[in-house]
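Can you read through this structure? Questions will come right after.
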There are 2 protein chains.
Amino acid sequence: MHYPEPISKLMESYMKLPGIGEKTAARLAFYTVNMNEDDVTGFARSLISVKRDLHYCSICGNMTEQDPCEICQDKSRDQSLILVVEHPKDVISMEKMQEFKGLYHVLHGVLSPIEGTGPEDINIPDLIKRLQNEEVKEVIIATNATAEGEATAMYLSRLIKPSGIKVTRLAHGLSVGSDIEYADEVTLLKAVEGRRDM
Amino acid sequence: MHYPEPISKLMESYMKLPGIGEKTAARLAFYTVNMNEDDVTGFARSLISVKRDLHYCSICGNMTEQDPCEICQDKSRDQSLILVVEHPKDVISMEKMQEFKGLYHVLHGVLSPIEGTGPEDINIPDLIKRLQNEEVKEVIIATNATAEGEATAMYLSRLIKPSGIKVTRLAHGLSVGSDIEYADEVTLLKAVEGRRDM
């Protein structure tokens with residue numbers, strides 16, 4: 001005997017999510033059966049909505065319900081500053097900080113020769129167009145501190161600098177609250193290289 | 001700025017699942033946005049189906065699409081043997097073993113004086129009715145090896161034995177493949193108590 005079909009179908013769906021294997025999927029599926037009917041219906045509705053109601057902003061590539069997105073429409077933000085990130089969720093992390101008042105540009109990926117991802121495959125051409133048309137003075141590159149993220153930052157820097165726009169990169173160093181003892185060597189090296197007067 | 005509404009709604013839904021906090025919910029929600037449309041629609045459909053198409057068998061309390069369930073309808077199974085479990089998923093674990101050919105009875109819980117769960121609150125009255133009407137010779141109690149599971153087993157044993165039906169309990173002892181070194185004392189004690197001739 002196998003699982004009843006509705007259960008096994010739901011398990012298959014749960015297993016398509018990252019980090020969820022068969023055992024967890026079974027646990028979640030059985031849990032779902034005992035959930036409140038409204039919660040399950042709401043769950044189903046929010047799944048549909050996330051595919052139907054979310055789009056990418058035609059200017060910055062961020063995830064949004066309206067186009068252009070709230071941030072691109074907000075004229076009170078500093079139009080001369082663009083922060084470049086890999087993914088829409090990075091925009092949310094930045095916004096949580098409540099300090100950055102410029103605009104964003106979401107690449108939706110990084111350059112990766114191994115996976116065959118070139119500049120045309122991510123949202124770079126749109127960034128270049130923005131830089132030609134808008135009055136941008138500085139581009140802050142906030143790709144992740146991975147090999148691909150660094151390579152993408154380097155590529156963008158070389159591409160943008162000749163146009164006279166200032167290009168900066170987020171600082172790398174020790175996390176606030178972290179112990180030197182537990183920092184990896186590369187982070188330590190970056191922290192030393194990036195040392196500041198005090 | 002917060003998450004776009006469709007994302008935050010989906011996160012709320014994910015967070016209703018056990019073991020999923022805000023960070024995981026965010027990760028899953030963003031992942032969902034990039035999932036194949038058909039997969040997401042299928043996911044939503046299987047959520048609805050699990051609430052709509054699954055019922056409890058009116059005889060044994062197992063989860064089923066038809067009533068009575070496949071197992072209760074299967075006349076080739078040993079009608080004189082009933083294995084009592086706490087939850088529908090325990091039936092699936094037992095069936096995976098492919099050795100047990102009797103019937104089941106699902107309690108949907110255990111006795112718990114602390115939580116105020118008495119015999120009438122779980123599927124015990126129906127079990128007693130079955131024992132009166134069907135030609136049952138043995139009841140195997142397979143509640144979990146927890147305090148409540150043991151208490152429920154004890155209660156059922158005292159309730160059923162006077163009617164002359166044999167009542168047995170699953171053996172407790174060392175897991176197959178496990179080291180004595182890592183076994184807890186209670187398990188070891190049970191293993192010693194339950195030792196068998198060889």
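The values are calculated or read from the model by the stated rules, or taken from the named source; none is laboratory data. These numbers were taken from a predicted model, which means no experiment stands behind them. Cβ sites come from the backbone with ideal geometry, for glycine too, and all protein chains shown count toward neighbours.
Within the stretch B:58-81, how many residues turn out to be outside any loop (DSSP other than H, G, I, E, B) and within 11 Å of another protein chain (Cβ to nearest Cβ)? Quick ask: steps written out before the conclusion?
Residues of the stretch B:58-81 that are outside any loop (DSSP other than H, G, I, E, B), as a first pass: B:63-64, B:70-73, B:81.
Adding the requirement that they be within 11 Å of another protein chain (Cβ to nearest Cβ) leaves B:63-64, B:70-71.
Final tally of qualifying residues: 4.
Being more than 7 Å from every other protein chain (Cβ to nearest Cβ), in a helix (DSSP H, G or I) and not basic (K, R) is the requirement here; does A:T32 meet it? Don't jump to the end; show me each part of the working.
Values: more than 7 Å from every other protein chain (Cβ to nearest Cβ): no; in a helix (DSSP H, G or I): yes; not basic (K, R): yes.
No: the conditions fail for A:T32.
Which one of A:V91, A:V85, A:V33, A:V106 is touching a residue at least 12 places away in the same chain (Cβ under 8 Å) and out of contact with any Leu (no Cβ under 9 Å at 6 or more places or on another chain)?
A:V106
Continuing with the same structure: Considering only residues that are without any contact (Cβ under 8 Å) to a residue 12 or more places away in the chain, touching a Leu at 6+ places or on another chain (Cβ under 9 Å) and among the β-branched types (V, I, T), which ones fall in the stretch B:175-187?
B:I180 - this is the single residue of the stretch B:175-187 that is without any contact (Cβ under 8 Å) to a residue 12 or more places away in the chain, touching a Leu at 6+ places or on another chain (Cβ under 9 Å) and among the β-branched types (V, I, T).
I'd like the full set of residues that are within 24 Å of the chain's Cα centre (by Cα), among the polar types (S, T, N, Q) and under 30 Å from A:K129 (Cβ atoms), limited to the stretch A:147-198.
Of everything in the stretch A:147-198, those that are within 24 Å of the chain's Cα centre (by Cα), among the polar types (S, T, N, Q) and under 30 Å from A:K129 (Cβ atoms) turn out to be A:T152, A:S157, A:T168.
Ok, one more. Among the residues of the stretch A:82-96, count how many are more than 10 Å from every other protein chain (Cβ to nearest Cβ) and not in a helix (DSSP H, G or I).
5
Here is a yes/no grid of residues against (1) surrounded by fewer than 22 Cβ atoms within 10 Å (Cβ to Cβ); (2) within 16 Å of the chain's Cα centre (by Cα); (3) in the same structural domain as A:A147 (by TED's automatic domain parsing):
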site	(1), (2), (3)
A:Y31	yes, no, no
A:E37	yes, no, no
A:S46	no, no, no
A:R77	yes, no, yes
A:V91	no, yes, yes
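Ok, one more. Need the failing condition index for A:F43 against (1) facing another protein chain (nearest Cβ under 7 Å); (2) closer than 20 Å to B:P88 by Cα, just the number.
The failed condition is (2).
From the list B:L127, B:L131, which one is touching a residue at least 12 places away in the same chain (Cβ under 8 Å), assigned to a helix (DSSP H, G or I) and touching a His at 6+ places or on another chain (Cβ under 6 Å)? Quick ask: steps written out before the conclusion?
On the way: B:L131 fails: touching a His at 6+ places or on another chain (Cβ under 6 Å).
Criteria check complete, one pass: B:L127.
Name every residue in the stretch A:151-174 that is more than 20 Å from A:E120 (Cβ to Cβ) and without any contact (Cβ under 8 Å) to a residue 12 or more places away in the chain, in order of residue number. Steps first, please.
Taking the stretch A:151-174 first, the residues more than 20 Å from A:E120 (Cβ to Cβ) are A:161, A:164-174.
Correct list: A:K161, A:G164.
Taking the options B:V106, B:V50, name whichever one is modelled with pLDDT of 95 or more and under 19 Å from A:H2 (Cβ atoms).
B:V106
Let me ask something else about it. Kindly provide the set of residues from the stretch A:11-28 that are under 20 Å from B:R27 (Cβ atoms), among the aliphatic types (A, V, I, L, M) and at the interface with another protein chain (Cβ under 8 Å from one of its Cβ atoms), ordered by number.
A:L17, A:L28
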